[in-house]
Structures are given as structure tokens and as C-alpha cells.
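Notes for the one structure printed next.
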Amino acid sequence: MLGNRLQYPALLDKIKDHPDPVSALRYLCQTDLFFLLRYGLNRVDMDNDWLFDRCIEVQTSPNNHLDLWAREHYKSTIITFGKTIQDILIDPNITVGIFSHTRPIAKSFLSQIKRELETNRQLQAWFPDILYAEPSKEAIRWSEDAGIIVKRSQNPKESTVEAWGVVDGQPTSKHYTLLVYDDIVTRESVSTPEMMHKTTDALVTSYNLGAIGGARRFIGTRYHFGDTYAAIMERGTVSPRVYPATDDGTLDGASVFMPQKLLDEKRRDFGIYVFSTQMLQNPVADSSQGFKREWVNQYDREPPENCVWYLLVDAANGKRKHNDYTSIWAVGLSSDGNYYCIPEVRDRLNVTERANRVIALHRKYKPIEVRYEEYGSTSDVPYVKEQQEKQQYRFQIVTVGGLIGKTERIRRLIPDFETGKVWLPIRWIVTDYEGKGQDNVRIFIEEELLAFPVTAHEDMLDALARIKETSGKVNGSRIQLILRWPDSEDNAPVVNTRMIYNPFKFARQKL
């Protein structure tokens, strides 16, 4: 590729005097993605410095990337449309599977390629050995349903280009040289945690449709912090290539491609959250609404010895894969004015397992109060009391609820995080219901705290927020809740600390 898009008109003038201009034009189409799009496919709108740079980057390294560019910034035009056509012109025996969230979306990408190869007489003249003059009449297959086949020397069962859905309508017994995933994540795919898991699982299943030694490309736009793109980035499946609409990725940054006035209008019309996801590729709403990484404080030793302990329980029923999690925190209030928060449980448990876990943690921490979310206590509290009688180990349970919505309830934690009063262990390894060891601290920070308020699950955050409750019920009677802090002068332990602080050492041993 040339170093500057303004050099191409002079190059075309030189080609006119070339002894074999068609060969020169073919070579440029096969080796220069910008030339193919701008001059081979007559995309005058591609004549832009930012788009020129993207063409260079994509051609230099086309595969195994997740290209997350701002909406309307030509990612599908350059990669799914232009680069796929270039690959066909380089090797007409290639087989390409275009996959989107649903098949109709994928067909729209195939339709654009199909229409271009039907109507572009210039490209047909340059590549008569690959492209048909009348493909609808001459080609073996030429439809959105069956795919399109160009002139090729081999006869694989797959068409040159086919379009399929990831969630609905995956093909069977197909193996494509190239898998192109465009718009796997849509508004519908992030509508519920279940749908996000379903999309991710379906995507992973579709990898089996690639040929040995084949390649994959991922193109899309973020819709949610916990979407499928987040999953494949975390797994290392792809190398992300992210281009927000502004030069610094912020709401107030300068536009990198579209006119500034148009970008300002989109920000006004979209609102902060949609603009952040669609245009900035940052699916976290206005940062003032959530938590910041610099607010996370962690300790690598035992909490202070004089902590007053609380157990906070948010119960969730069911052990199916996409159910919410039961979350239990042990929170110690220390004379230094800080909260030492230990994420003891983040698991899918039945009522028996929940009751046994609560009793075991009460024995371990000797908390002065057990706060149980009211909505999950209906079946749990009577059963816990029944188990208390059987084990001859009794304590009161305070049910907490209230009329405040979950999001607003969680936001009550923000001042304490911001002022550095909340402290977490470096790690806290616990074996979950599937027998897998998981670090509850990492999960809390990465999947809930920093994702708020657009998390797939908020169970741990919601449970922790119960430390801020000011009222609750004991045996149906409402009581006022006041946090008890230890006396900072005598520094006397409130409970038997030997039972409390060894767990941190135990957590280390489990690593």
C-alpha cells in the first residue's frame, strides 16, 4: 500500500501507460485493501485519512482480532465487505462463513457482497477468471440462502460465501477456511444474563465450523460490560483492536472520523450510556454513577483483631447455570474506621446448603448480627431456625428489605469506597458447587464492582450494600439497626479472633 491516499490518482495515471494495465490493477486489488475499496469497488466515501489508516492496519493483520470500532466507522465495510472480497480475488477456492447473532443479520452482509459481484462490471473485467458476468445465470449457487460460488478450481461442499446465525440456524457438517463474526452481540443478545450466556456458548460451539488451519475475524460494537465480547477477550481468544469515536475515548474528546457536530448530536440523542457503549466502546455508564478501580483497597495480612463482625446474606434459589448467586459477606468494623469485607460465598446453593453455610460462618465469625435479605428469607429463615434447634446453636436473624431499588441501594456504598474505608483481601479462594476453585475477590472486583451499574449479576454488591441498612425485622417486629464499632482506646477483641483470622491463611493455602 502507498504511504498516502493522495498518491493514488498519480499511480492510476501511470497505470494507463503500463504495458498490461489489467494485470497492474489486479495486483493492486489483491495487495492493497484501500485501493480495492476506493477504486476497485468505487467507494468514494472511503477517501479519508482515518479510513486509509484502518485499511493498512487490517490488511497488515486481518485475523484473530476483535475489531471494536465506533458505530458508523466503517468496520464492516472494510473487514466483512472489502477484505472478504479481496480474499476471494486472492484465492477463489476460499470458503467463508459469515456469522451474526441471527441469520437475517448475516444475510445482509452476504447480500452486499453478492450485489457487488453481480453489478461491478469493472471488477468483472479485471477478474474474468474468478467472477461471472451474469452470476445469477452462470454460477452453480447464487443466493442468500444457499450462498454464492465464484469460479474456482476445487469443489468443496461449502459455497464461497455463506451466511448463518450463531444463536439460531448454525449449519452442520460445514468447515470454512475463514470464519467472519460480525454483530454477534446485539441489543437482544444482552437483554438478560441468560441470553448473554447463550450467545457466548453458541459462539464457542460455532468454532467447530472452522477448517483446520483456518482463520477467524470478529467485528462488532459493545452493548454491555458482560457481553460475549468481554468473555472472549477475557479468555484470550482474540486480540482486541478498539477505536472509540473520540481521540481520547472520553465523552468530551474530539471526533476522530465523523464531523464533530454530528458526533455531538449523537451524544445528545443517545444519552451517556448508549453513547459510551456504541460510540466509545466503553460499556460502563457515566463513571460518576459507579465505582473506580483506584478506590479498591486490598490487604495481604489479617484484619485488625478488634473487629466487630456482621454476616450479610443475599439468598438466591436454584442451581441451574444461569441462576443468580447466593452471596454471603463477613464484614468486620474496625477501630481504624474501616470495613474489612470478606466474600465468603458466591455460589448456587439449595436451601439446605445455604442454611448450613450460614450456621458454619456464624460459628466461625461470631457476628453480632446476621442480616438476611427479606426477599430470600421466606424459605430460608424457618429452615435455618430448624437447623439451629437440631444443632443446639442459636442466633437471631435480622431480615432487611425496604423500598429502595437495588441500584440506588448499591450506590450507598460509593462514598465508603471513594474515601478508602472498604478493604478487601488480596484474594479469597472458595470451591463452588461445581467443585471449581474461584477467587471471589477477583470476581467481585472485575465482574460486579467495576461493571456497575451495567453488570450481568449484582448479587455480591447487593449483599454488601446491606451493611448500610438502618432498619430491619426480627421475628416480624421492626427494629432500628446501628453499626457497632469497637472501642479504639482499649483495642480489646470483641470476639474470639483465633476463629476469624486463620481463614485468610487458609485461603492462601488453597491457591
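Some observations on this one:
- Entirely in the stretch 386-457, the strands (runs of 3 or more DSSP E) that have 2 or more residues that are of a type outside the set (D, E, K, R) and closer than 18 Å to residue 346 by Cβ: 422-425, 429-431, 437-439
- Only residues that are crowded, with 22+ Cβ neighbours inside 10 Å and aliphatic (A, V, I, L, M) were counted in the stretch 205-228, giving 1.
- Residue within the stretch 246-260 that is crowded, with 18+ Cβ neighbours inside 10 Å, modelled with pLDDT of 95 or more and not in a loop (DSSP other than H, G, I, E, B) present: yes
- Checked across the stretch 82-96, the condition of being under 14 Å from residue 183 (Cβ atoms) and not assigned by TED's automatic domain parsing to the domain that holds residue 264 holds for no residue.
- Of the residues screened, residue 486 is one that is part of a loop (DSSP other than H, G, I, E, B), in the same structural domain as residue 380 (by TED's automatic domain parsing) and farther than 16 Å from residue 328 by Cα.
- If you go through the stretch 74-90 and pick out every residue that is touching a residue at least 60 places away in the same chain (Cβ under 8 Å) and either over 14 Å from residue 243 (Cβ atoms) or of a type in the set (Gly, Ala, Ser) (or both), you end up with 8.
- Screening 358, 331 for residues that are surrounded by 21 or more Cβ atoms within 10 Å (Cβ to Cβ), touching a residue at least 12 places away in the same chain (Cβ under 8 Å), assigned by TED's automatic domain parsing to the domain that holds residue 458 and closer than 17 Å to residue 449 by Cα leaves exactly one candidate, 331.
- Per-region count, the stretch 179-196, residues crowded, with 22+ Cβ neighbours inside 10 Å and more than 15 Å from residue 67 (Cα to Cα): 3
- Here residue 214 fits the description: in a strand (DSSP E or B), touching a Ser or Thr at 6+ places or on another chain (Cβ under 7 Å) and either more than 19 Å from residue 71 (Cβ to Cβ) or not assigned by TED's automatic domain parsing to the domain that holds residue 88 (or both).
- Checking 202, 133, 139 one by one, the residue that is surrounded by fewer than 16 Cβ atoms within 10 Å (Cβ to Cβ) and at negative phi is 133 and no other.
Residue-wise test of (1) on the phi < 0 side of the Ramachandran plot; (2) touching a Cys at 6+ places or on another chain (Cβ under 7 Å); (3) modelled with pLDDT under 75.
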{"residue": "420", "(1), (2), (3)": "no, no, no"}
{"residue": "432", "(1), (2), (3)": "yes, no, no"}
{"residue": "438", "(1), (2), (3)": "yes, no, no"}
{"residue": "456", "(1), (2), (3)": "yes, no, yes"}
{"residue": "460", "(1), (2), (3)": "yes, no, no"}
{"residue": "467", "(1), (2), (3)": "yes, no, no"}
{"residue": "478", "(1), (2), (3)": "yes, no, no"}
{"residue": "485", "(1), (2), (3)": "yes, no, no"}
{"residue": "502", "(1), (2), (3)": "yes, no, yes"}
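- When residue 426 is tested against (1) farther than 20 Å from residue 482 by Cα; (2) surrounded by fewer than 16 Cβ atoms within 10 Å (Cβ to Cβ); (3) free of Cβ contacts under 8 Å to residues at least 40 places away in the same chain, exactly one condition is not met: (3).
- Candidate set: the stretch 39-73, residues that are free of Cβ contacts under 8 Å to residues at least 40 places away in the same chain and touching a helix residue (DSSP H, G or I) at 6+ places or on another chain (Cβ under 9 Å); chosen: the one farthest from residue 279 (Cα to Cα): 39
- Test: residue 113 is at pLDDT 95 or above and closer than 24 Å to residue 67 by Cβ: yes
- Subset of the stretch 140-189 [among the hydrophobic types (A, V, I, L, M, F, W, C) and without any contact (Cβ under 8 Å) to a residue 24 or more places away in the chain]: 140, 146, 149
- Residue in the stretch 334-347 that is over 17 Å from residue 312 (Cβ atoms), of a type in the set (Gly, Ala, Ser), assigned by TED's automatic domain parsing to the domain that holds residue 474 and crowded, with 18+ Cβ neighbours inside 10 Å present: yes
The values are calculated or read from the model by the stated rules, or taken from the named source; none is laboratory data. Fair warning: this is a prediction, and the values are worked out from it, not measured in the lab. A quick note on method: Cβ atoms are made from the backbone with ideal geometry, for glycine too, and the neighbour counts reach across all protein chains shown.
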